[in-house]
Structure formats: C-alpha cells, structure tokens
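*Asks:* Below you'll find the structure I mean.
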Amino acid sequence: MSSVYEELREAAELAAAPRRSPSRPLIRVDLSTSSIAAEADRLWEALEPLAAEHGAELMRVGTLGLSWLEPVVEVERPDGVGGGAVVYGPVRPEDAAEFLAAALGDNPAEDAARWLIGARTPTPGIPSLTDHPFWGPQERRLMRVMGLIDPESVDEAIAEGAYAALDRAVTMEPMAICDLVLSAGVGGRGGGGFPAGQKWKFLLGAPGPTKYLVC
C-alpha cells in the first residue's frame, strides 16, 4: 500500500466511522433503479421528517438484490433491539410513519412483522438473513458492502478498500497486470466467458500512443 493511498484510506475511515458504528438509529434506504421504480424516492421523502423526529439518521444505499421486495429499508439500532440491523420490505411511502414507529419501538419482531425480511445476525423472534432462501446460500465478495454504503460517497468506498487494486497496479508492469488477471480466471459476462486477461493483452499490443482505463 502506498503512503498516498494509506493517507486517503485513513481519512476515509475517519469520515465513515459514524455510520460504521452508529450512536443513533441508522435507516438505510435502497435508492437503486428497481427501488425507485417501486417509489423508494417517495418513501425517502416521507421518511426524512420522521427520521428527524425519532433522532435517527437517514442514509441512501444501493440495492441488496431483493428487487421483488422493494422498497427495502434496513434499520440499525445501536441499542441492539431487533438484532441491531434488520432488513424490511416492501415498505410503502404511505406506511412510513407506522413502519418507523414499529421498527424503532420496543418490539419490532411483532410490531413490524408485516415488513420483516430478516436480521443480519440471528436474533430471538426475528429470522436471520442467513436462513433466507435467496440470501442464505450466497457468499458475497465483490458485492459484500451492497446495501451498506452510500454509492455516492467516495469516502465510504475507500474506507472499504476501493481503489486498492489501482494503487497496486500503478506500481506494476502492464504485462504483469495482464498475467495476474489471466491467472485469476476472470472472464467476460457476454456468455462466452472469454478470459479478460487475454483481452487486455490484445489491447496492450494495439497501436496508438494513448491508452484509457475504463472502470
């Protein structure tokens, strides 16, 4: 890790710390394409004044992948009630007040049951996401922070390791990068699964003085 990236990451982690370990309720609202189609933007508008009344922070995040349950909302409570972080959906804009009162109340397992999807950690009375038929079999790697960070915040991205590969790549020879991608077995998503490292080698030898990095 270069000293420049190390400084960037330290600053990013400091900026992201309040949301990593919130001291007040944190309400994550999925504002991705599929959720906005299900009126998540209207839900956000309805939740804004309500969150302020409850002393909670409202945070936009990307999708968890539960598109058929949109709008999806995750409520993380520092007091640990309801499993600490619980995922709910679909939460309709017109239900915002009732939902938030239930999710932030003393017994969300019962009071918010009709919206309940699951808790991130096993909790009495609340099913665990690890038992969910869609979520349970997954081991998220590249997408492990989906639904947890603000996709518009570069600080939150860097705090989770974004650009670390680029920081390493600029110290390597171009052919070494191609060989590394090739040995990793990364393939195209077009159906043929053509090795990405081989594609990069083709481009490396292409004529022209200027090359572009597309990410």
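*Asks:* Can you pull out the residues in the range 79-115 that are under 17 Å from Ala40 (Cα atoms) and of a type in the set (A, V, I, L, M, F, W, C)?
*Replies:* Of everything in the range 79-115, those that are under 17 Å from Ala40 (Cα atoms) and of a type in the set (A, V, I, L, M, F, W, C) turn out to be Val87, Val91, Ala96, Ala97, Phe99, Leu100, Trp115.
*Asks:* Scan the range 161-171 and tell me whether some residue there is in contact with a strand residue (DSSP E or B) (Cβ under 8 Å, 6 or more places away or on another chain) and not hydroxyl-bearing (Ser, Thr, Tyr).
*Replies:* Within the range 161-171 (the criterion being in contact with a strand residue (DSSP E or B) (Cβ under 8 Å, 6 or more places away or on another chain) and not hydroxyl-bearing (Ser, Thr, Tyr)), the answer is no, since none of the residues qualifies.
*Asks:* Do you know which residues across the range 171-204 are surrounded by 10 or more Cβ atoms within 10 Å (Cβ to Cβ) and outside any helix (DSSP H, G or I)?
*Replies:* Matches in the range 171-204: Met172, Gly185, Val186, Gly187, Gly188, Gly193, Phe194, Pro195.
*Asks:* Additional query: Give me the pairs, please: first residue somewhere in the range 89-105 and under 16 Å from Ala119 (Cβ atoms), second residue anywhere and among the acidic types (Asp, Glu) and buried (at least 19 other Cβ atoms within 10 Å of the Cβ), beta-carbon distance under 6 Å, and either six or more positions apart or on two chains.
*Replies:* No pair meets every condition.
*Asks:* So in the range 9-33, with the set limited to residues that are part of a loop (DSSP other than H, G, I, E, B) and under 17 Å from Ala46 (Cβ atoms), which one is nearest to the chain's Cα centre (by Cα)?
*Replies:* Looking at residues that are part of a loop (DSSP other than H, G, I, E, B) and under 17 Å from Ala46 (Cβ atoms), I get Leu31.
*Asks:* Among what's in the range 44-61 and is out of contact with any helix residue (DSSP H, G or I) (no Cβ under 9 Å at 6 or more places or on another chain) and not aliphatic (A, V, I, L, M), pick the residue that is farthest from Pro90 (Cα to Cα).
*Replies:* Only one residue tops the list, namely Gly55.
*Asks:* Assess whether Thr33 counts as being of a type in the set (Val, Ile, Thr), surrounded by fewer than 22 Cβ atoms within 10 Å (Cβ to Cβ) and touching a helix residue (DSSP H, G or I) at 6+ places or on another chain (Cβ under 8 Å).
*Replies:* In short, no.
*Asks:* Search the range 18-30 for residues being free of Cβ contacts under 8 Å to residues at least 60 places away in the same chain and surrounded by fewer than 20 Cβ atoms within 10 Å (Cβ to Cβ), and hand back the single one that is farthest from Glu160 (Cα to Cα).
*Replies:* Filtering the range 18-30 for residues that are free of Cβ contacts under 8 Å to residues at least 60 places away in the same chain and surrounded by fewer than 20 Cβ atoms within 10 Å (Cβ to Cβ), the one farthest from Glu160 (Cα to Cα) comes out as Arg24.
*Asks:* For the range 99-131, which residues satisfy the criterion of being assigned to a loop (DSSP other than H, G, I, E, B), at negative phi and more than 18 Å from the chain's Cα centre (by Cα)?
*Replies:* Leu104, Gly105, Asp106, Asn107, Ala112, Pro122, Pro124, Pro127
*Asks:* Go through (1) under 21 Å from Leu8 (Cβ atoms); (2) over 25 Å from the mean Cα position of the chain (by Cα) for Leu166 and report which single condition fails.
*Replies:* Of (1) under 21 Å from Leu8 (Cβ atoms); (2) over 25 Å from the mean Cα position of the chain (by Cα), only one is false for Leu166: (2).
*Asks:* On the given criteria, is Ile149 in contact (Cβ under 8 Å) with a residue 24 or more places away in the chain, hydrophobic (A, V, I, L, M, F, W, C) and in a loop (DSSP other than H, G, I, E, B)?
*Replies:* Here the answer is yes, as Ile149 does meet what is asked.
*Asks:* Scan the range 64-84 residue by residue and report those that are over 10 Å from Arg28 (Cα atoms) and either modelled with pLDDT of 75 or more or in contact with a His (Cβ under 8 Å, 6 or more places away or on another chain) (or both).
*Replies:* Leu64, Gly65, Leu66, Ser67, Trp68, Leu69, Glu70, Pro71, Arg77, Pro78
The values are calculated or read from the model by the stated rules, or taken from the named source; none is laboratory data. Source: prediction; values computed, not measured. Using ideal geometry, Cβ is built from the backbone for each residue, glycine included, and neighbour counts are taken over all protein chains shown.
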